[in-house]
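Structure, as structure tokens:
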Amino acid sequence: MKAFQPALSVRLVKAIKRSEIIPGVKVAARYGDFAAIDLHHYMGESGGVQTTKSVREPAGGFTITLSDKRHSKALDTLYALIEPMDMVEIRFAHDPSSYKKGEELPVIMRGLVSSVTRPESIGQGKPDRSVTITGQDFGKILQILFIFYLNNSAVGDNVLHEFAFFHKYASADDAKNKSGNEFAQGVLDEVINPYLKRFSSFANGASVGAKVINEWSLKSSIDGAVSPYAVASFNNVSLHAMLSSLLDVGPFNEMFTEDTADGVTLVIRPNPFLDASGKPIQGIEPERISISDKEIVSHNVSRSDNGVANYFWVVNSRWFMMSNEEAQTAAQTGEKENYILDTYLNSQSAFYGIRKMEVETMLGPPDGTFSEAPKKEDIPDSTKHLSDWIDRRRKILADSNKDNVIFESGSIQVEGNERIKAGTLLVVTRANSLPYVFYVVKVSHSYLPFRGFITDLQVERGTGFIERSKAEKPQYQPEIDAKGVV
């Protein structure tokens, strides 16, 4: 039997180099002398690292537990040296021998410290102290930067500056729409990256080999355009709330930050769902990671009628200049199968009743125009573009949800596997050799030195029931002697 020896690397880079505790009052310790700290040396037997990442949440999170020991070059312990907004880089691997000699361990998470805690207790006549660091990955930036359209409000001014042509300086008959991909790039260029450059200007991780994140890259592949009026309507909200709303995150698209060897990437893409036959609904298929029974600790999935719908409707108040009733009337001339599936096998009303699913799209057609004063001759084409766009959105919504009753969702726990990330497809081969596919929406890693490395997964759109129902060989018997992790 192969004995695994997981490896861990945890590095902290000081973003705040403190010389005063408040203006005019100097600190006794030279905190500014510590540019970076290798936290792995302080892990101890009771230490550990937990990380959580989801494609459905604004930011991932981490918890690091360390021994409370004095730093060799300081007057105090790590508790006094670490502060909120310091940068953390977490790397680990279940089987480091599978990587090339001299190669860095894969990045699991890069993030920012939110809090530092020092629990103390007395047991058996001796003090017991530790240091716990909690924080979030760089998605935290999208939550802490708010849009305020006030004088001297940096974020609000940046947004107004970047999209000035969008609303303020365009003439009345100019087309002022901007693609969702261009819009997201503008937010990075004018808001997020300038903030990161200012924030990290004093950070230096060279002493421990950690990368300082001073900008993000963008990987955006969504369809549709942003309305200028929609941008102007956001005030006193976070960047994450604005982008999520404007870019249809949820029903049609997903947005999350991804940590790679090169840095941090903001990923905005169509929901990469496969239909019941295994074909991508929006043409996007993410990376596949395969595991077998031998890697599974526990497997708990279920099916439900909670997500069943047979009447699908998409509204677009920002672009569609007609009432919802008028839009419903216009839709009658289109293809009914795009939004009414009351006789479809897995959503038929005879079994499930009439169930409506209604969402709003803030994006408009990529081939359309948006003008405050459209020319009379342009109105028919513009209306046609809008109608076709809504028809396509309704079809995507229906295709993504019409088979919900036969898909599985739940949780799977596996032996530590750093290759599995939120947003990947997990291919599970059970004892009966049937491969099941799940979409991984959340990954939690727990690395406990000298004790183990476990990965917990939250999965959706599993095809276990679908594959079992098509199998011509017995499915239960081969599972009786499944070994699992040994």
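The values are calculated or read from the model by the stated rules, or taken from the named source; none is laboratory data. Keep in mind that this is a model prediction, so the values were computed, not measured. Every residue, glycine as well, gets a Cβ built from its backbone with ideal geometry; the counts of neighbours run over all protein chains shown. Just so you know, the surface numbers come from the protein's heavy atoms only, side chains and all, with ligands and any DNA or RNA stripped out. Shrake-Rupley method; radii C 1.70, N 1.55, O 1.52, S 1.80 Å.
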**Asked** Distance in nm between label sites at residue 297 and residue 311, each 7 Å beyond Cα in the beta-carbon direction?
**Response** 4.6 nm
**Item:** Of 421/470; 219/421; 14/197; 53/421; 14/73, pairs whose Cα-Cα distance is over 18 Å
**Value:** 421/470
**Asked** Once the Cβ-Cβ distance between residue 360 and residue 46 is put in as r, and R0 is 51 Å, what FRET efficiency do you end up with, to the nearest 0.05?
**Response** 0.55
**Item:** Pair residue 285, residue 63: separation of 7 Å Cα→Cβ label points (nm)
**Value:** 3.8 nm
**Fill in**
One finds, for residue 276 and residue 146 with R0 = 45 angstrom and r their Cβ-Cβ distance, a FRET efficiency to the nearest 0.05 of 0.60
**Request:** Provide the gained length on full extension for the span residue 245 to residue 204, in nm with one decimal, where the gain is 0.36 nm per separating residue minus the Cα-Cα distance.
**Result:** 11.2 nm
**Request:** Rank-order 238-245, 299-306 by packing density, defined as the average count of other C-beta atoms within 10 Å over each peptide's residues, highest first.
**Result:** 238-245, 299-306
**Complete:** To the nearest 0.05, the calculated FRET efficiency linking residue 21 and residue 472 through their beta-carbon distance, R0 being 51 Å, is 0.10
**Request:** Could you order peptides 273-281, 420-428 by the average number of other Cβ atoms within 10 Å of their residues, highest first?
**Result:** 420-428, 273-281
**Prompt:** Accessible area of residue 72, 1.4 Å probe, to the nearest 10 Å²?
**Reply:** 100 Å²
**Request:** Compute the length gained on full extension between residue 38 and residue 215: take 0.36 nm times their separation in residues and subtract their Cα-Cα distance, giving the result in nm to one decimal.
**Result:** 61.4 nm
